[in-house]
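Below you'll find the structure, written out as structure tokens, and then a few comments.
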Amino acid sequence: MLVLDRAGWHSSAQLKLPEGIHLVFLPPYSPEVQPAERLWPLSNEPLANRVFTPLDELEEIQAEHCRWLKAHPEVVHAHTCFGWWPVLVDST
């Protein structure tokens, strides 16, 4: 089973699925079943409206922003937490 969102490039009438592979599409307009989708704006923020000539520069900017996000989990939480989502308690 392969779970996909409904992005246009995830489907084609010409697609031939190998035996044993089954596609399951997420319901439309349901970001709560794929919270990572809400992280794209955070990921793209330091890259918007910029031109990167060397790929290394783009990679370093993105890596630095990821390090910043890791140090600020409240920012990620604000974008991915849903009121009804169960809270996991660390038992260690």
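Values for this structure:
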read-out: Charge dipole (debye, nearest 20) of region 35-82; +1 at Cβ of Lys and Arg, -1 at Cβ of Asp and Glu; value: 200
read-out: Solvent-free Debye scattering, log10 I(q)/I(0), computed from the Cα coordinates of region 15-56 at q = 0.17, 0.21, 0.25, 0.33 Å⁻¹; value: -0.75, -0.80, -0.90, -1.13
read-out: Taking the chain and dividing mean pair separation by its residue count, relative contact order in percent (alpha carbons under 8 Å, at least six apart); value: 25
read-out: Likely footprinting exposure, Leu47, Leu17, fewest C-beta neighbours within 10 Å first; value: Leu17, Leu47
read-out: Diffusion coefficient, µm² s⁻¹, Stokes-Einstein with Kirkwood Rh over alpha-carbon pairs of region 35-82 at 20 °C and 1.002 mPa s; value: 186
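A short reminder: the numbers here are calculations on the coordinates, not readings from a lab. Treat the numbers as computed from the prediction; the structure is a model and nothing was measured. Every residue, glycine as well, gets a Cβ built from its backbone with ideal geometry; the counts of neighbours run over all protein chains shown.
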